[in-house]
Amino acid sequence: MHLLSVENITKHYGLKTLFDDVSFSLTTADRTGIVGVNGSGKTTLLKMIVGLETPDSGAINRNLQARFDYLPQNPVMDEDCGVLDYLFAGQSPTMQLLREYQRAVQTLARHPADRQRQADMDTMTRRMDAEDGWTAEAQAKAILTRLGITRFDTRLGLLSGGQRRRVALARSLLDPADLLILDEPTNHIDPETITWLETWLGRLKTGLLMVTHDRYFLDRAVNHIFEIDAGKIHSYPGNYSLFLERKAERSAQRRKQAAERQSYLQKELAWLHRSPMARTGKQKARIQRAEAALQDRQNTRPANHLTISLATRRTGKKLIEFNDVSKRFGAQKIIHNFSHTISKGARLGIVGPNGIGKTTLLNLIAGRLRPDSG
């Protein structure tokens, strides 16, 4: 199934050109990973594809019959919404059924003796039987559990940032669109869950477009690579390992071409020195070719590295000290009476299963969260 065509798009941010006359197309058979240095425009490209940003010129033509689902790095959520309510917010018939069933359950819980509510619940139960809604509900809870979310009635505002991100991922996996667009999907999940996610994505019969810094995940999950380099997109069939091999071949070819241009220029310069008064038409044409080759060499010269020297001040040996720090979200205890000193020069790794509080600890260190005590 054809999903979209990108035709000659250009995009600038100030004086920086992110994309210059870029074209490509995607189908449901494409499972594409996007690579490029930081700031090259990977996330911007995803946003343009789903219509959150527009190119300065060119066009993006989407199949109006196809569904697109974009999971950003920091999804916006209604903090008063429950986990299951958020999960069942999709537009497919199955999601609408689960949403209605969930509302019937909640209404009956508030009015257990109301006969009309009981009758509505009976009707919804028969619909769930007829339309195999129980399987979809069980699958939703299984996905959440596999991603470390076990309290299905919790409000989103009581979850940590990593937990909210995993709930958003669960919704994308439960009701997959024709094109699933993921921006750093392995953030906030542990290695065991990443392996499970690879298997789940491998079973989906949809198109996939994603940005990730996890090269091992990228190697196993895609069959196509887009490399963003100097405003252009270079397309490589195959996974990340094949991309590295073909990129090395392409780089070697560019070096060979640069060496050939250099040799040509040296010969032409030697000829010009021997014939400083050349004025015939053929000689003028030869001079123009040499100038064109010189211009091409200047345009393909690698960018200079920028070195910035920053002023520093003495901080002493102690950087951060935790004294009996505790933090909870609702009834869930995340950190309890934690004490530790981080000294200058320390190199620390934080490990633990999903939902254990790794991101919460980083946010406490950064001052984005305040401890409940300590």
- Message: Is it the case, given these coordinates, that residue 367 is at pLDDT 85 or above and within 31 Å of the chain's Cα centre (by Cα)?
- Response: yes
- Item | region 347-362 residues that are over 17 Å from residue 326 (Cα atoms), paired with ones that are in a loop (DSSP other than H, G, I, E, B) (beta carbon under 6 Å, 6 or more apart) | 353/190; 354/148; 354/189; 354/190
- Limited to region 155-206, what total is found for residues that are β-branched (Val, Ile, Thr), in a helix (DSSP H, G or I) and touching a residue at least 12 places away in the same chain (Cβ under 8 Å)? 3
- Query: Between residues in region 17-42 that are within 14 Å of residue 212 (Cβ to Cβ) and residues that are surrounded by fewer than 22 Cβ atoms within 10 Å (Cβ to Cβ) and small (Gly, Ala, Ser), which pairs lie under 9 Å by C-beta distance while being six or more apart or on different chains?
  - Reply: 31/202; 32/235; 42/36
- List the number of the failed condition for residue 185; all other conditions in (1) touching a strand residue (DSSP E or B) at 6+ places or on another chain (Cβ under 8 Å); (2) over 23 Å from residue 27 (Cβ atoms); (3) open to solvent by less than 60 Å² (accessible area, probe 1.4 Å); (4) of a type outside the set (A, V, I, L, M, F, W, C) hold. (2)
- Query: What is the residue count in region 58-77 for residues that are open to solvent by 60 Å² or more (accessible area, probe 1.4 Å), of a type in the set (S, T, N, Q) and farther than 30 Å from residue 127 by Cα?
  - Reply: 3
- Query: Within region 324-339, which residues are farther than 12 Å from residue 371 by Cβ and assigned to a strand (DSSP E or B)?
  - Reply: 329, 332, 333
- Query: Does region 78-96 hold any residues that are surrounded by 17 or more Cβ atoms within 10 Å (Cβ to Cβ) and out of contact with any Asp or Glu (no Cβ under 6 Å at 6 or more places or on another chain), and which are they?
  - Reply: 83, 84, 85, 86, 87, 88, 94
- Query: In region 321-338, what count of residues is obtained for those that are touching a residue at least 24 places away in the same chain (Cβ under 8 Å) and either open to solvent by less than 50 Å² (accessible area, probe 1.4 Å) or small (Gly, Ala, Ser) (or both)?
  - Reply: 8
- Query: Taking the stated definitions as given, is residue 208 in contact with a strand residue (DSSP E or B) (Cβ under 6 Å, 6 or more places away or on another chain) and open to solvent by less than 50 Å² (accessible area, probe 1.4 Å)?
  - Reply: yes
- Message: Just the residues that are open to solvent by less than 80 Å² (accessible area, probe 1.4 Å), of a type in the set (S, T, N, Q) and modelled with pLDDT under 75, please, taken from region 235-293.
- Response: 275, 280, 283
- Out of all the residues in region 134-148, is one or more at pLDDT 90 or above, under 30 Å from residue 187 (Cβ atoms) and in a loop (DSSP other than H, G, I, E, B)? yes
- Message: Yes or no: region 86-103 includes at least one residue that is under 30 Å from residue 121 (Cα atoms), among the basic types (Lys, Arg) and touching a helix residue (DSSP H, G or I) at 6+ places or on another chain (Cβ under 8 Å).
- Response: yes
- Item | Entirely in region 9-100, the strands (runs of 3 or more DSSP E) that have 2 or more residues that are in contact with a Ser or Thr (Cβ under 8 Å, 6 or more places away or on another chain) | 16-27, 57-62, 68-71
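The values are calculated or read from the model by the stated rules, or taken from the named source; none is laboratory data. These numbers were taken from a predicted model, which means no experiment stands behind them. No Cβ is skipped: glycine too gets one built from the backbone with ideal geometry, and neighbour counts run over all protein chains shown. For the accessible areas, the whole protein counts, side chains as well, though only heavy atoms, and no ligand, DNA or RNA atoms are used. Shrake-Rupley method; radii C 1.70, N 1.55, O 1.52, S 1.80 Å.
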